[in-house]
Structures are given as structure tokens and as C-alpha cells.
Amino acid sequence: MASESDREVSSVVKGMFFGQINEDDVFPFPALSDAQVEMAKEMINAVEKFAQQSINSEKLDREAKIPQEMLDGLAGLGLCGLGVPEEYGGLGLDYTLYARVFSEIAGIDGAIATTLGAHQSIGYKALVNEGNDEQKKKWLPRLASGEVFAAFCLTEPGSGSDAYSIKTKAVKNADGTYTINGQKLWITNGGLAGFYSVFAKTEHEENGQKTEKITCFIVEKDMPGVSFGEKEDKMGIRASETRAVYFDNVVVPASNIIGEAGKGFKIAMNVLNTGRLSLGSGSVGGMKAILKLAVAQAKTRKQFGDFIVNYGLIQEKITAMACAIYACESVVYMSTGKMNQGLEDFSMESAVCKVYCSEKLWDTVDKAMQIAAGNGYMREYPYERIMRDARINLIFEGTNEILRIFLALSGIKGPSDQLKELGKVADVSKVLQDPIKSVGVFADFAKKRMSKMIGSKTLTKAHPSLSGHAEHFSRMMNDFSIAVENTIFKLGKNIIGNELVQMRIANMAMELYAMVCVLSRTTSILENAQVSDADKKYVSDMTEIICRDSRQNFTKNLKRLGESYDTYIPVVSKAVAERDGYGLDVVNF
């Protein structure tokens, strides 16, 4: 019999589109081992101590530069090689520890987190994932030590989220080398880096025809033909460096290809998947930092004879901020925990982490600004800087709009493939040709459909005090699966261009995943005898709010799938575009 460790770990988010969830995939909540806890505390303490002594975020923002001595200090803590195997000079942290340490960094300074994240979360991640032994031995020790920084070169002036439309080309020469020509836009660590993961189109022959595919190359800063634009003057994360990078007849040896030629698109997508997890965990760190500031303000600011922390409208904001952190933490560390257990396809989980957490961060910052009132708007306080720094997270590494589309279409693909056979026999002529087969197909589908409509309690492992929310979750998941099937039947291939429907489906999927992650984590806490009663009540109360809010958000999106609400959106948008803006004035009518 296969052991628990041999069991295949499947994507929870993907399964929800089928109306299925294996409780063993979400219960118990992934726990840190004693060794992980010890390592995390040690790293966090070191980072905090360094920050107190060396990091002045206001100065970094004002001067728009991270001094070399600060980069050296960060590298000395091992923060440039968090996920690099120890044999290559890194710390070899697993996904969960990496996320926790990165969260701490992001809570201290957004620009530093951006620099370190661009370096290792994406900059040399292709090398870690797909590089050969020779490439790793040559580069990883220098990258992990901070001797050399890395940059990820994918985005171009005409291709942002549409990665496959890049124009940069690498032409193979007679001697086997490649000549790269093109430009990359908005490259973090552009002028700082010495190592670039560059994605370019290469020519290939398939079935006698020539075609272009993407290949990933290692390009070094001192190669002839590599140059840079001016440092971008950004709204936020100002101390991080962002530049255009130009490649003018840059000759690169074939040995600098990462992975296989023509396989670069998949390499890039895999890199971005892990980078999105970093954005999720970094958002958690940012939320914790801003909540701490907001609470301090609320406890010391007195109005109308009482501290504002005692007023209901302030309490509502503080509560919402804390609940957002708890939900996001649950989503991030459920995802990294499953990855540590062997989850290979975590693309949908990472997309949820990025979208859900970055939007919760933005909402949290907004609430903190409101609590700070006039102080929040003044540069002498950190609120406005944090707000400027936080905004980029909704854009970085795939905009939240693109990732909603990715979530919906990736999730729908499974049920759509499963229903293909049903679709084939749905035509009357084909039913008449093979009625026996048709009856079997429809009967099997009807049975599953009826089971979803009736509903069943699936989260039997949730704590008894959470049984009500567990039952709500099960009904919601069944409703979601039916909605996905209905969408497939109604739109078919037209789902591709129907982005408002995609948005509704993605929003529902995110609420479901957040809810089950929270239920799992809270169950583990409530069943832990070492956790105090006060902490148990604290997380129970937050869980109550999170689950109620998720259910309401889910229901709103579900209802709008079947209502006419979304039909008005393109009509009004078209009218606005035709008027080049609002187009109305009270003086006219």
C-alpha cells in the first residue's frame, strides 16, 4: 500500500472547478517542523536587527537608491540565495521558509523586497529550475552570495502580459553561437545586474516548416552590445532600479541556453508562478507592517474625549485589516505547504496568492491611510510611501486582470475536456447513431449533476465549531461547479472572449480557496492544545468574519453570472469611449 508521502498531491483550486475536493489535500493545514520554526526565527531576528541598524526607508525613497553597502549587508545575511541549494552556496530554504523570510523583508521596505525578489524569485530562477550542472556551478555561488545580481528580461514595449508576442530575436550563427537583437522594458535590477535571463524568439523547423519559439538565454552584462536606458523615475519602490535593457548584436554561446532551445515560454511561465508566490507572501508582510502603524495611531489619537480605537468605524477597519492578513497568510502557506509536499502544478494556487493578497494589501493600506487621516497624507509619515510602494503589486508579474483570465480559463479547461464526449453526442443526429452510448453518457452526467444540486457535506475534517461554514463551503463548491458547467454549455468556445464571465468565475474560485484555507488553518489551531484559549477565540472570531464575507462575495458573483448586470458594462464603456471621457455636463442637461 502506498504511504501518505507517496500519495500524489493535486491542485486544490483546479479540483474545485470539478466540484471536487480531497480533504487530505487541505487537512491538516501544513505545519512547520521544529527545524523550520527554528530556522525561520533565526532568519527573522537577523533581518529585523539589520533593518533597525541599517535601513532608513524614508531616505531610500528620497534618494531613490539602495547603497552598495546595504546590498552587501543584505547579501551577508544570505538574503540573495534563500532558495539556492546549499551545495551552491545558498541557504536551501523550502517554499514555506522562503515565503516567510521574504514576507519579513517586504514588511520592512518595498524597494528592498523588489530588488531581492527580482534577483532570486525571478532573476535567476530559470537557472535554478532548468539550468544544467555546469551552468549552476558557474553562476549560482556568485548569485547566492550577492557578488552578482540577476534580472529577468521578458517584458517589451509591445508585450507585457502577452509574453509570446515578444519581438527580441536570437539568430543562430554558423559557429553555433546566437546573435541577440531587441529591447526589454521596465527591467528591475536592469543596470545593477550582471546576470540576465533573456527571453528571445529563435527559429525552428517543424514538419518541414519554419516556426518561431521562445528560448531562454544567459546574457552577461559585459558582453559587447548590452546597454541600458536611464533609470526610471517611479511613483513607488523608488530605491529599486528599473531600466530598459538593449541588445545590439549581442553574441551568446549556445552553452548559455537555459533548458532546451524553443522551450523558453514554459520556463518563463514556471518562473513567474514562483514569483507570484513571493508577491503573495510579500503582501502579507506589508499588511502586517501597516496594521501595526494603524493600531498605534488609533490607540494614541484622541478625538471627542476618547481614543479613536474605541470608535466602531475605526474598529471595523482594524478588524477587516486583521482578517485580511489571516486569510492571506492561510492562502500563502497552504500553497507553499502543498508545494513542499510535492504539488508540481501550482500555477493556479500561485495566481490566487498574487491576486487575492495584492488586492487585500491595497485595501489594507487604504484603510490605514484613513485611520491616519491628515497624517497619512504627509510625507513625514510612512503611510503615503507605503501606499506608493504597494500599488505596483497589482501590476507586477501579470496584471490581476490577466491572472483572473488565466484562472478562469485554466480552471474551465478540465471540466470542458471532461464534457467533450457529452458535447459530441448532444447533436441529435449523433444521438440517433449510437443511442445506447448516448444514454450512458447522459445518465452518468445527470447523476453527478444531481449530486451537486442536492449537495453533500464534504469537509468532515473541519473543527466541529466550524461545521456551519464547512457546510456552506460544500454548497458553494457545488454551485460553483454547476455554474462552470452552465457557462461551458452556454458559451462554448465563446468563453475565450467573454472576460466579464471569466472575472466572475475567477472571483468565486478565489473566495472558495481562501475559505477552505482558513477553515483548515483554524481547525489546526483549535485542535492544538498548546495554543491559548485567547488565541483560539481570536482566530475563531476572524474566521467567522472571513467566511461570512467570502460567502457574500461568492454569492454576488454567482448571481451576476445569471443576471443582466454585466451586459450594461460594455455598452456604457463604449459610450464613454465615444465621448472621449464622461461626456456629460450639468449645464447641458
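The values are calculated or read from the model by the stated rules, or taken from the named source; none is laboratory data. Bear in mind that the values here come from a model prediction, so they are computed numbers and not experimental data. Because the Cβ atoms are built from the backbone with ideal geometry, glycine has one as well, and the counts that use them run over all protein chains shown. Note: areas computed on protein heavy atoms with side chains; ligands, DNA, RNA excluded. Shrake-Rupley method; radii C 1.70, N 1.55, O 1.52, S 1.80 Å.
Overview of results
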read-out: Helix runs (DSSP H) in the chain reaching 24 Å along axis by Cα, Kyte-Doolittle at least -1.0; value: 34-54, 264-300, 312-340, 347-372, 400-418, 435-454, 467-491, 499-526
read-out: Relative contact order for the stretch 136-291, counting Cα pairs under 8 Å that sit 6 or more residues apart, in percent; value: 23 percent
read-out: Relative contact order, percent, the chain [alpha-carbon distance under 8 Å, six or more residues apart]; value: 16 percent
read-out: Cross-link reach list, lysines versus LYS559, counting only Cα pairs under 26 Å and skipping chain neighbours closer than eight places; value: LYS14, LYS354, LYS360, LYS413, LYS447, LYS448, LYS452, LYS457, LYS490, LYS493, LYS574
read-out: Helix-derived mean residue ellipticity, 222 nm - over the chain, DSSP H n ≥ 4, -39500 (n - 2.57), to 500; value: -18500 deg cm²/dmol
read-out: Cα gyration tensor shape of the stretch 216-293, rounded if a/c is under 1.5, else prolate or oblate by comparing a/b with b/c; value: oblate
read-out: Other-chain or far-sequence residues with amide H under 5 Å of VAL226's (modelled H); value: ASP248
read-out: Selection from THR179, CYS323, CYS353, by position along the positive dipole direction of the chain (Cβ); value: CYS323
read-out: Residues whose placed amide H lies under 5 Å from that of ILE257, excluding near-sequence neighbours; value: ILE218
read-out: TRP362, TRP186, reordered so the largest accessible area comes first (probe 1.4 Å); value: TRP186, TRP362
read-out: Within the accessible area of the chain (1.4 Å probe), percent carbon and sulfur; value: 52 percent
read-out: Highest-first arrangement of 515-522, 285-292, where packing means the average Cβ count within 10 Å; value: 515-522, 285-292
read-out: Convex hull volume per residue for the stretch 34-95, taking Cα atoms only, in Å³; value: 98 Å³
read-out: Within the chain: Cβ-based charge dipole about Cα centre, in debye rounded to nearest 20 (Lys, Arg +1; Asp, Glu -1); value: 1280 debye
read-out: Environment charge of THR179, counting only residues whose C-beta is closer than 14 Å and scoring Lys/Arg +1, Asp/Glu -1; value: 0
read-out: Per residue convex hull volume, Cα atoms of the stretch 19-127, in Å³; value: 151 Å³
read-out: Among the listed pairs LYS184/LYS221; LYS169/LYS266; LYS288/LYS317; LYS49/LYS234, those beyond 19 Å (Cα-Cα); value: LYS49/LYS234
read-out: Distance histogram for the stretch 139-270 (every C-alpha pair counted, 10 angstrom bins, percent rounded to whole numbers); value: 13, 43, 34, 9, 2, 0
read-out: Volume per residue of the C-alpha convex hull in the stretch 533-589, rounded to whole Å³; value: 146 Å³
read-out: Overall form of the stretch 223-349 per C-alpha gyration tensor (a/c, 1.5; a/b vs b/c); value: oblate
read-out: At 0.890 mPa s and 25 °C, Stokes D of the stretch 213-253 from Kirkwood alpha-carbon radius, µm² per second; value: 201 µm²/s
read-out: Student exercise, the stretch 318-378 dipole from Lys, Arg, Asp, Glu Cβ charges, in Debye to nearest 20; value: 160 debye
read-out: Global form of the stretch 113-209, assessed from the alpha-carbon gyration tensor, a/c cut-off 1.5; value: oblate
read-out: Ellipsoid semi-axes in whole angstrom, largest first, where each is sqrt(5λ) of the Cα gyration tensor of the stretch 459-538; value: 35, 12, 7
read-out: Calculated Rg and Dmax of the chain using C-alpha coordinates, Å; value: 25.6, 82
read-out: Other-chain or far-sequence residues with amide H under 5 Å of GLU156's (modelled H); value: LEU185
read-out: Radius 11 Å from Cβ of LEU143, net charge of other residues (Lys, Arg +1; Asp, Glu -1); value: +3
read-out: Most positive-pole-ward Cα, ILE218, ALA106, LEU140, against dipole of the chain from beta carbon charges; value: ALA106
read-out: Cross-link pairs LYS167/LYS210; LYS41/LYS338; LYS201/LYS263 - those with Cα-Cα distance over 19 Å; value: LYS41/LYS338
